[in-house]
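See below for the structure under consideration.
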């Protein structure tokens, strides 16, 4: 008798608690639907004979931290934009965006991908030959962008940057030529060598150039070297392996 009374009490108590929970749960389903506006300033250079071909390879150049801001002239301080400004001709479409002040390329990879989408929509881009390179902050951005979109690019050339070794397996198929100064105290060369070692351990075949006497500026010698651009053109995008 006492057992039956206890069971009735517990059931009634549970019913009361359940009713209280339902009464307290005032959550309602909702949905966020809002268009997001993305803005990014950039320089674009087209080959002189752009109209002569249907498709052109593209280089995406990512500048360093010192060129951030809202003045595109800063982007011309180094790399391909500097060379183009000085009259050099490239057989590429060259796109050089500017990172806003106090922001970082490795946190802008989604915006960079949207920029590339826009460029591919509007210009005669060979989607099989898109290359990304950058210096210092842009070197870190190059690794991050390639990690996020490992099959979008045909080759990468990060300069005095670094990446996340745990994602090296994503990049094992991607040709990479990595550059650093042996005497760099701004970004220690181990940041590049550890990425190269991780790629090799994952089955990749990256190239590494360490300039014995260079400090942080390992980009001038790199971008002045015609072999870099010849190397880019040797590579086409490797599509992902089909899922089994």
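None of the figures in this text is laboratory data; all of them are computed from the coordinates on show. All figures in this text were calculated on a predicted structure; none of them were measured in a lab. Methodologically, a virtual Cβ is constructed for each residue, glycine included, from the backbone with ideal geometry; neighbour enumeration extends over all protein chains shown.
Before moving on, here are some points about what is shown:
- Criterion (more than 26 Å from residue 107 (Cβ to Cβ) and in contact with a helix residue (DSSP H, G or I) (Cβ under 8 Å, 6 or more places away or on another chain)) met by exactly one of 176, 157, 168, 201: 201
- Cβ-Cβ under 6 Å pairs, at least 6 apart or on other chains, the range 67-80 side part of a helix (DSSP H, G or I), far side loosely packed, with under 15 Cβ neighbours inside 10 Å: 67/77; 72/41; 76/85
- Residues of the range 135-152 that turn out to be over 10 Å from the mean Cα position of the chain (by Cα) and buried (at least 24 other Cβ atoms within 10 Å of the Cβ), as a count: 2
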